[in-house]
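Working notes, structure below.
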Amino acid sequence: MNISNRDTTQINEAIRDREVRVISADGEQLGIMSAKEALQIAQEKDLDLVKVAPQAKPPVCKIMDYGKYRFEQTKREKEARKNQRVIDIKEVRLSLKIDKHDFETKANQAIKFLKAGDKVKVSIRFRGREMAHPENGRVIMDRFAEYCSEYSSVEKPAKLEGRQMLMFLAAKSSKPANQPKKKKQPKPQAEAPAADAKPETTDEAAAPNE
């Protein structure tokens with residue numbers, strides 16, 4: 001059987017231990033025997049002998065269709081990678097002199113990234129004399145974080161690094177869909193007497209006049 005060179009699993013003739021513990025294809029314990037005997041049993045069933053626990057004493061080998069096993073394992077790994085989402089870090093650059101329109105445009109762009117599950121690095125570069133007032137940058141960063149607060153949380157608060165102030169926003173985990181409220185069941189009302197029902201009379205009323 002041709003197995004990729006990257007596969008270091010020992011199978012069939014590559015297993016040369018004096019004794020191995022053998023498990024059948026059905027999971028049955030076949031006991032301890034020589035590797036040669038175990039391989040013979042596997043070959044009689046047209047299957048492979050695979051060392052599954054090389055660190056055990058003695059090593060554990062299982063009889064199986066190794067080609068099928070590897071195919072299914074590779075398929076599972078591909079599915080796992082397919083379902084994994086790589087989180088990107090998107091950058092949004094602001095300035096101390098940013099106007100309201102540009103600020104909202106940048107913030108809405110950040111919200112778009114956050115909705116997609118990405119992180120956002122918000123940066124402000126200080127130029128010339130702007131370095132004398134870093135608090136102005138924090139005011140803008142706080143406004144930005146507040147604008148995006150419905151969709152994000154501040155992962156790293158605004159911090160001055162060199163001539164740049166950086167802040168990192170992370171997407172909030174998706175909230176479970178609102179469950180529909182249960183309608184209150186109306187309280188049972190006493191049934192109205194039928195229109196043709198006669199009122200009940202007491203024994204006194206029913207008695208004839210003497």
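The values are calculated or read from the model by the stated rules, or taken from the named source; none is laboratory data. Predicted, not measured: the structure shown is a model, and the values here were computed from it. Here the Cβ positions follow ideal geometry from the backbone for every residue, glycine too, while neighbour counts run over all protein chains shown.
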Going by what's in this entry, would R143 be described as out of contact with any Pro (no Cβ under 8 Å at 6 or more places or on another chain), touching a residue at least 24 places away in the same chain (Cβ under 8 Å) and part of a strand (DSSP E or B)?
no
Of the conditions (1) within 18 Å of the chain's Cα centre (by Cα); (2) free of Cβ contacts under 8 Å to residues at least 12 places away in the same chain, D118 fails just one. Which one is it?
(2)
Which of the helices (runs of 4 or more DSSP H) contained wholly in region 1-120 include at least 3 residues that are modelled with pLDDT under 90 and exposed (fewer than 15 other Cβ atoms within 10 Å of the Cβ)?
66-83
